[in-house]
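Heads up: the structure comes next, in structure tokens.
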Amino acid sequence: MRFNNTVKALGASALMLLGGNAFAQEASEDVFANLRANDKTGINVFEPAKVEIEEFKAPKVRVGGNFNMMFQGMTQSNYYNGVEVSNGNEVQPSAYRLAKLGQDFNLPMANLNIDVAFAPGVTMKLETYLSSRHHIEANVKGGYLQLDALPFLNSNFLDGLMQNLTLKAGLMEINYGDSHFRRSDAGNAIYNPFVANYMMDAFSTELGLEALYRHENGLLAMVGMSNGKLNQTTLEMEGAAPSLYGKLGYDKQINDDFRFRLTGSAYHSFGDARAYLYSGDRAGSRYYNVMTYYDAEGNRVSGGDWSGRINRTFNRLTAVQIATFAKYKGLEFFGTYDNQSDSHEDGVGTMNQIGADLIYRFGKNEDFYVGARYNTVFGTYTDEADIDDINVNRIAVGAGWFMTKNILVKAEIVNQEYTKGYEQLGMQFRDASFNGVNVEAVIAF
């Protein structure tokens, strides 16, 4: 798929409407009102509402954090050379023997968040992973400047324009798709009603600039450009080039009981270097050691910090995500369709994903919830394949309790099956599956 196809993809997403969150041009004395809250009040917030800062006395700093710890109790099995290998038994001691999973706690993860308000509508966010599965040492996720007003320019024209416009610049979680607003991000797991993220995880941190326009009727548009790199460097990288992305959609609180959101997003990398849009998570997955196997000598061969995901990457990437969210009283639905492919003339393969969450929140202030998730990934690794040669399915059911707006306890039962793709993913995935129970405690402030 060449560049003209990319333009078509962006245009198609544009015609599907704009992406964003409900518009609210209200006055507030909270100088951080334009940033998403770290606690329960940030749930189901996509792009934060546009708020006018009514009173600003002096620059202010706000320090927050996230912490989670999880108990995992799961088993796994596969089938190799006609012999079933379940949860690390010794029936098949040769290659592709899966690790035996135990029942215990994983390494807790923690984030540090620093917000600074420099002027009314001028804020900075700095996010740091203090500890995560992939980085047990502190690692800066990113930092960016957000402009919801331009008070230092003293321009009536710009003040009027900024009534609907938000600008962001820096190293940041790019605003592609909607699933990244509901995912767990190292210690920050309070927005996610389940333990893990989708198998194809649409998330990356890149250096760039975004402009978001919101209208009070619910229509919004966002366009962004990044340098396309996950790891920043001044060294010359062969094939490196900027990436362009955008979002279009509609988000409206129709009445007191019903809210509806529909967005279309597109991303295109213009270079031939690796694109990290679906493999940019530096924290690691929440299912530990699944599909990890050892050779006959006992050496670990597969696994890694992103076990349980499908981290398929492309070089000249074209990606599209269509997402919808609807909430009627306590019942909410969130669903996505993702497609990513190599748009180079010699590109190989395409990947697709369907994800759907159905959640029911109840009790005082919706402090309790139950829910179910369906997630499937399918696609091809070669141009010659006329049918999908990859297929992985996951079903999870879970429940949660907000003890306070800062403390969440959640549990889930999950089952994931690899029905196709062991030739591409690795022989340990032949007729493979894992299932079990996970319990997670989350603190956010």
| query | Could you list, in sequence order, the residues of segment 107-119 that are touching a Phe, Trp or Tyr at 6+ places or on another chain (Cβ under 7 Å) and crowded, with 18+ Cβ neighbours inside 10 Å? | reply | Ala110, Asn111, Asp115, Ala117
| said: Condition first: open to solvent by 30 Å² or more (accessible area, probe 1.4 Å), part of a helix (DSSP H, G or I) and at pLDDT 95 or above. Now tell me which residues in segment 11-52 satisfy that. | reply: Lys40, Thr41
| When segment 166-188 is examined, which residues are found to be assigned to a loop (DSSP other than H, G, I, E, B) and touching a His at 6+ places or on another chain (Cβ under 9 Å)? | Ile174, Ala186
| said: Can you tell me which residue is modelled with the highest pLDDT among those in segment 340-370 that are of a type in the set (S, T, N, Q) and either closer than 23 Å to Ile43 by Cβ or in contact with a helix residue (DSSP H, G or I) (Cβ under 9 Å, 6 or more places away or on another chain) (or both)? | reply: Gln353
| Of (1) surrounded by fewer than 20 Cβ atoms within 10 Å (Cβ to Cβ); (2) outside any loop (DSSP other than H, G, I, E, B); (3) on the phi < 0 side of the Ramachandran plot, Gly436 satisfies all except one. Which? | (3)
| task | Taking only segment 326-338 into account, find how many residues are part of a strand (DSSP E or B) and over 15 Å from the mean Cα position of the chain (by Cα). | result | 6
| Condition broken by Ile354, with the remaining ones in (1) part of a strand (DSSP E or B); (2) in contact (Cβ under 8 Å) with a residue 24 or more places away in the chain satisfied | (2)
| query | Can you tell me how many residues in segment 404-433 are under 20 Å from the mean Cα position of the chain (by Cα) and open to solvent by 50 Å² or more (accessible area, probe 1.4 Å)? | reply | 0
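Please work out which residue is nearest to Leu358 (Cα to Cα), limiting yourself to segment 150-192 and to residues that are among the charged types (D, E, K, R) and open to solvent by less than 20 Å² (accessible area, probe 1.4 Å).
Per the stated criteria, the residue is Arg182.
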| What residue, among those in segment 168-208 that are closer than 16 Å to Tyr374 by Cα and among the aromatic types (Phe, Trp, Tyr), is nearest to the chain's Cα centre (by Cα)? | Tyr198
| said: Looking at segment 330-376 only, could you name the residues that are farther than 30 Å from Asp39 by Cα and touching a Gly at 6+ places or on another chain (Cβ under 9 Å)? | reply: Asn339, Gln340, Ser341, Asp342, Gly349, Thr350, Met351, Asn352
| request: Go through Arg282, Arg261 for me and flag whichever is basic (Lys, Arg), modelled with pLDDT of 85 or more and assigned to a loop (DSSP other than H, G, I, E, B). | output: Arg282
| task | Show the residue pairs that are 6+ apart or on different chains and have beta-carbon atoms under 6 Å apart, the first residue being within segment 402-417 and within 20 Å of Tyr288 (Cβ to Cβ), the second being charged (D, E, K, R). | result | Lys410/Glu440; Gln416/Arg394
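To keep it simple, each residue is scored yes or no on (1) small (Gly, Ala, Ser); (2) within 23 Å of Lys168 (Cα to Cα); (3) open to solvent by 40 Å² or more (accessible area, probe 1.4 Å).
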{"position": "Gln232", "(1), (2), (3)": "no, yes, yes"}
{"position": "Glu238", "(1), (2), (3)": "no, no, yes"}
{"position": "Tyr245", "(1), (2), (3)": "no, yes, no"}
{"position": "Leu248", "(1), (2), (3)": "no, yes, no"}
{"position": "Arg259", "(1), (2), (3)": "no, no, no"}
{"position": "Phe270", "(1), (2), (3)": "no, yes, yes"}
{"position": "Tyr276", "(1), (2), (3)": "no, yes, yes"}
{"position": "Arg286", "(1), (2), (3)": "no, no, no"}
{"position": "Asn299", "(1), (2), (3)": "no, no, yes"}
| field | All positions within segment 55-71 that are open to solvent by less than 90 Å² (accessible area, probe 1.4 Å) and closer than 9 Å to Val31 by Cβ | value | Glu55, Phe56, Arg62
| remark: Checked segment 215-230 for anything under 14 Å from Lys168 (Cβ atoms) and open to solvent by 70 Å² or more (accessible area, probe 1.4 Å); matches are Val223, Met225
| said: Residue under question is Thr128, and the condition is that it be among the hydroxyl-bearing types (Ser, Thr, Tyr), free of Cβ contacts under 8 Å to residues at least 40 places away in the same chain and open to solvent by 30 Å² or more (accessible area, probe 1.4 Å); does it hold? | reply: no
| note | Tyr337: passes all of (1) more than 14 Å from His268 (Cα to Cα); (2) hydroxyl-bearing (Ser, Thr, Tyr); (3) open to solvent by less than 40 Å² (accessible area, probe 1.4 Å) but (3)
| In segment 189-225, how many residues are closer than 29 Å to Phe445 by Cα, among the polar types (S, T, N, Q) and assigned to a loop (DSSP other than H, G, I, E, B)? | 3
| Does Ile443 satisfy being at pLDDT 95 or above and open to solvent by 40 Å² or more (accessible area, probe 1.4 Å)? | yes
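The values are calculated or read from the model by the stated rules, or taken from the named source; none is laboratory data. Predicted, not measured: the structure shown is a model, and the values here were computed from it. We place every Cβ from the backbone using ideal geometry, glycine too, and count neighbours over all the protein chains shown. We work out accessible area using only protein heavy atoms, side chains counted, and drop any ligands, DNA or RNA first. Shrake-Rupley method; radii C 1.70, N 1.55, O 1.52, S 1.80 Å.
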